[in-house]
């Protein structure tokens, strides 16, 4: 089959979704509780990621062995991993719901919620993240991703996942989805315009590789190109070497007689994509 999508009718697509959910990993009791509660409390709960998409995110996070994740907008399934999570949220009702969940399930020791506009918050972040999940206002996606890349917030082997990149089909064309109701059509049409800009930006950015998957409402996966990965690793290793070298030399010199003229030198040896520390003793 040359096409990437099987053209299901809405009815068949619903059945396929149910089948895939049924044969995939089940939600935990806590996840199901949060899912059901959110659906009952929020009129726009239809914007929430499906249980199957949540299972996909959990699968990727566990496979990645993520130690640090960033979620732009609160995302329930990321807490199923044991990673440190920083989540950004603006809406007061969502903030209250998130804190309620963190308190109830004992997650405050590894989940940090930063309140305020996402662009302002992400610009203040430091360190690196193995997974960055973007699911917020669509007209901000390009700025969020660009800031994450410019500020090197994405770890060398990490990835960014952008949700709703299809914007219910409006990213492809304003006429792409005849099943979309008139009420939300104007909103998603504007989202589609913003996400087309994001896709153009990513396609032309020489630092990253990107694949847009025709799943859910369109999911983009973004990672560093190998050349950028090597630059990041080299920078990290050089920083570590500088720190280690200073402490090692000082320690060795303190413990030996001065006349030995002892020094401990470290350097980085690069071979394709492998970096290692090499220790040399000079007398």
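The values are calculated or read from the model by the stated rules, or taken from the named source; none is laboratory data. On a predicted model such as this, the values are computed, not experimentally measured, just so you know. Heads up, the Cβs are rebuilt from the backbone with ideal geometry, glycines too, and the neighbour counts pull from every protein chain shown.
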Report task. Consider residue 192 carefully, then state whether it is surrounded by 14 or more Cβ atoms within 10 Å (Cβ to Cβ), without any contact (Cβ under 8 Å) to a residue 60 or more places away in the chain and within 25 Å of residue 56 (Cβ to Cβ). Result -> yes
Query raised in the report: Residues in the range 39-59: is at least one buried (at least 19 other Cβ atoms within 10 Å of the Cβ) and in contact with a strand residue (DSSP E or B) (Cβ under 6 Å, 6 or more places away or on another chain)?
Result: no
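Being without any contact (Cβ under 8 Å) to a residue 40 or more places away in the chain, over 29 Å from residue 16 (Cβ atoms) and under 14 Å from the mean Cα position of the chain (by Cα) is the requirement here; does residue 112 meet it?
Details: without any contact (Cβ under 8 Å) to a residue 40 or more places away in the chain: yes; over 29 Å from residue 16 (Cβ atoms): yes; under 14 Å from the mean Cα position of the chain (by Cα): no.
No.
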Query raised in the report: Mind checking which residues of the range 107-128 are under 23 Å from residue 236 (Cβ atoms), buried (at least 17 other Cβ atoms within 10 Å of the Cβ) and in contact with a helix residue (DSSP H, G or I) (Cβ under 8 Å, 6 or more places away or on another chain)?
Result: 122
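Scan the range 184-194 and tell me whether some residue there is in contact with a strand residue (DSSP E or B) (Cβ under 8 Å, 6 or more places away or on another chain), in the same structural domain as residue 158 (by TED's automatic domain parsing) and under 30 Å from residue 226 (Cα atoms).
Filtering the range 184-194 for residues in contact with a strand residue (DSSP E or B) (Cβ under 8 Å, 6 or more places away or on another chain) gives none.
No, the range 184-194 has no match at all.
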Query - Single unsatisfied condition, residue 138 versus (1) surrounded by fewer than 16 Cβ atoms within 10 Å (Cβ to Cβ); (2) under 20 Å from residue 53 (Cα atoms) - result: (1)
Report task. Would you be able to tell me the number of residues in the range 166-184 that are exposed (fewer than 14 other Cβ atoms within 10 Å of the Cβ) and assigned to a helix (DSSP H, G or I)? Result -> 2
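Quick one: which of 50, 24 is touching a helix residue (DSSP H, G or I) at 6+ places or on another chain (Cβ under 9 Å) and at pLDDT 90 or above?
Numbers: 50 fails: at pLDDT 90 or above.
Of the residues listed, the single one that is touching a helix residue (DSSP H, G or I) at 6+ places or on another chain (Cβ under 9 Å) and at pLDDT 90 or above is 24.
Which of the residues spanning the range 195-217 are outside any helix (DSSP H, G or I) and touching a strand residue (DSSP E or B) at 6+ places or on another chain (Cβ under 6 Å)? Outline the logic, then answer.
Pass one, the range 195-217, residues outside any helix (DSSP H, G or I): 205-217.
Matches in the range 195-217: 208, 209, 210, 211, 212, 213.
Please determine, by comparing only the residues of the range 1-19 that are in contact (Cβ under 8 Å) with a residue 24 or more places away in the chain and exposed (fewer than 13 other Cβ atoms within 10 Å of the Cβ), which one is nearest to residue 179 (Cα to Cα). Reasoning before the result, please.
Filtering the range 1-19 down to residues in contact (Cβ under 8 Å) with a residue 24 or more places away in the chain leaves 4-5, 10, 17.
Then drop every residue that is not exposed (fewer than 13 other Cβ atoms within 10 Å of the Cβ), which leaves 4-5, 10.
On the way: 4: 21, 5: 17, 10: 8 Å.
Looking at residues that are in contact (Cβ under 8 Å) with a residue 24 or more places away in the chain and exposed (fewer than 13 other Cβ atoms within 10 Å of the Cβ), I get 10.
Go through the range 145-154 and give me each residue that's farther than 10 Å from residue 198 by Cα and touching a strand residue (DSSP E or B) at 6+ places or on another chain (Cβ under 9 Å). Break it down stepwise before answering.
Start the filter on the range 145-154 by keeping residues that are farther than 10 Å from residue 198 by Cα, which leaves 147-154.
Of everything in the range 145-154, those that are farther than 10 Å from residue 198 by Cα and touching a strand residue (DSSP E or B) at 6+ places or on another chain (Cβ under 9 Å) turn out to be 148, 149, 153, 154.
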